[in-house]
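So that we are looking at the same thing, I have put the structure below in structure tokens.
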Amino acid sequence: MTTAKYSLDEIRLRLNELDDQLLCLLSERRQLSIEVAKSKVETAKPVRDAAREQQLLVKLINNGKDKYQLDAQYITKLFHTIIEDSVLLQQSYLQNLANPELSRKPLARVAFLGAKGSYSHLASREYFSRKNMELIELNCEHFKEVANTVESGHADYGVLPIENTSSGSINEVYDLLQHTTLSIVGELTLPIEHCLVATSDIRLEDLKILYSHPQPHQQCSEFLSRLKGVQLESCASTADAMQKVKEMNRSDVAAIGNASSGKLYGLQPLQSNIANQTENHTRFIIVARKPVEVSTQIPAKTTLIMSTSQQAGSLVECLLVLQRYGVNMTKLESRPIMGNPWEEMFYVDLEAHLNSEAMQHALSELTKLTKHLKVLGSYPSENVKPTQVKLK
């Protein structure tokens, strides 16, 4: 039997000291990231330097292995997070320079679907935490109310989910974008971690009623199909579902929600990881009354809607324009045009700055080829793709 070199209290004390040192170093690294952004303003270099990031990761992996006996996977995962944070900090700094009126606003009124704890609420907090803004949170009962609250000036921004990796596009939001005057000014992809929550630790076989928003019902359909005799009830949001379960306080009722959000309502998790796909993410868009200028030093996306004639090859002709000018399309979605039977409106996400030469030439040609074309927004692309390195 071996004797511990240090007592548990001594180990914990040393761990606390190391954690404080790590926090201090991370804070200093963040400040240096801002200094990097300032230097890039003068040199006009893009925020991301893939070659530099790759060299950095390779060096860290080798040093970690040779000097500190640290696993390559551990180092890669840790520094992917650090690099992502650095990129977003620099992008935010450059965006404030391009939109000085936004940097002078310490408060943001944000409208989102559901009460506190809904996924839209979590997305709102995640997105604006990067902007160093304090939030005035305005919860809404449906997507149209989110848009109306921003259009009327009662909110500065609205947060709307637009697609999910499991259940696909959120058609109600796409249909809403046909008629809104708002501009898309940002985006965020949020991991969705569905779990079953209830007021007490009940058995699944005793469950009679399950509340949720319709989207999680779709995203967890395989798990739900194994629950026998359970009545599925729809709510305006996952937060409303959890609120309902709290109020009912019954041992045969549960909700689908986020485990951390469930704690806000005094609910405990019954079963986690119940989504069809283990990698379940929802993409949210941020809308505002006015568009934003996007710094040319950061990657941008442009979203537009267009309708074409009913002639064969009309859509293909439009897509060939994008190919000709080297504009990469990341999303193509069709939705029926209200009041025009059998006609479609196409939503297109493009990896391009609106004011770039290629995009302007493409828009000029698309205007001639389409019956209707409208730019919904050009905004910073904040989905930071991890730097790729080959792990030995």
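The values are calculated or read from the model by the stated rules, or taken from the named source; none is laboratory data. Computed from a prediction, not measured in an experiment: that's the story for all the values here. Note that we place each Cβ from the backbone using ideal geometry, even for glycine, and neighbour counts take in every protein chain shown. For the accessible areas, the whole protein counts, side chains as well, though only heavy atoms, and no ligand, DNA or RNA atoms are used. Shrake-Rupley method; radii C 1.70, N 1.55, O 1.52, S 1.80 Å.
Straight-line reach from Lys105: which lysines have Cα under 20 Å away, leaving out those fewer than 8 places along the same chain?
Hits, sequence-local ones excluded: Lys131, Lys290.
Which value, in Å² and to the nearest 10, is the accessible area of Lys45 when all protein chains are kept and the probe is 1.4 Å?
120 Å²
Per residue, what volume in Å³ does the convex hull of the Cα atoms of the range 158-272 enclose?
112 Å³
Write down the percent of antiparallel bridges among all DSSP beta bridges whose residues are both part of the chain, to the nearest 5.
75 percent
Once all Cα-Cα distances of the chain are split into 10 Å bins that start at 0, what whole-number percent is in each one?
All Cα pairs considered, the percentages come to 4, 18, 25, 26, 18, 7, 1, 0, 0.
Which residue, chosen from Leu363, Val292, Ser309, occupies the Cα position most advanced towards the positive end of the dipole of the range 273-392, where the dipole is computed from +1 (Lys, Arg) and -1 (Asp, Glu) charges on Cβ about the Cα centre?
Towards the positive end, the residue furthest out is Val292.
In debye to the nearest 20, how big a dipole does the chain give about its Cα centre with +1 on each Lys and Arg Cβ and -1 on each Asp and Glu Cβ?
For the chain, the charge dipole is close to 660 debye.
Using a 1.4 angstrom probe, figure out how much accessible area the chain has per residue, in square angstrom, rounded to the nearest whole.
55 Å²
Next question. Multiply the residue gap between Arg14 and Ser169 by 0.36 nm, knock off their C-alpha separation, and tell me the result in nm, one decimal place.
50.9 nm
How many percent of the accessible area of the chain is carbon or sulfur, using a 1.4 Å probe?
Solvent-exposed carbon and sulfur of the chain make up 52 percent of the total.
Leaving ligands, DNA and RNA out of it, rank Met248, Met345 by accessible area with a 1.4 Å probe, largest first.
Highest to lowest solvent-accessible surface, that is Met248, Met345.
Hey, another quick one. Note down the magnitude of the dipole of the range 1-108 about its Cα centre, charges +1 on Lys and Arg C-beta and -1 on Asp and Glu C-beta and zero elsewhere, to the nearest 20 debye.
That gives the range 1-108 a dipole magnitude of about 280 debye.
Past the 22 Å Cα-Cα mark, which pairs from Lys116/Lys208; Lys77/Lys331; Lys208/Lys246?
Lys116/Lys208; Lys77/Lys331
Given the Cα-Cα distance of Ser272 and Asn355 and 0.36 nm per residue of separation, how much length would full extension add, in nm?
25.4 nm
Then there is this: In terms of the Cα gyration tensor, with a ≥ b ≥ c the square roots of its eigenvalues, is the range 74-163 rounded because a/c is under 1.5, prolate because a/b exceeds b/c, or oblate?
It is oblate, given that a/c is not under 1.5 and a/b is not larger than b/c.
Kindly sort Val159, Val230, Val316, Val41 by accessible area of their heavy atoms, largest first, with the probe set to 1.4 Å.
Of Val159, Val230, Val316, Val41, the descending order of accessible area is Val316, Val41, Val230, Val159.
With helices defined as uninterrupted DSSP H runs, which ones in the chain have an alpha carbon span along their own long axis of at least 27 Å and mean Kyte-Doolittle hydropathy of at least -1.0?
Result, helices passing both filters: 8-43, 72-98.
Okay, next question. Specify the longest stretch of the chain that does not include any exposed loop site, a site being one of the chymotrypsin sites (Phe, Trp or Tyr not before Pro) with a non-H, G, I, E, B DSSP assignment and at most 13 other Cβ atoms within 10 Å.
Here the longest run is 7-341.
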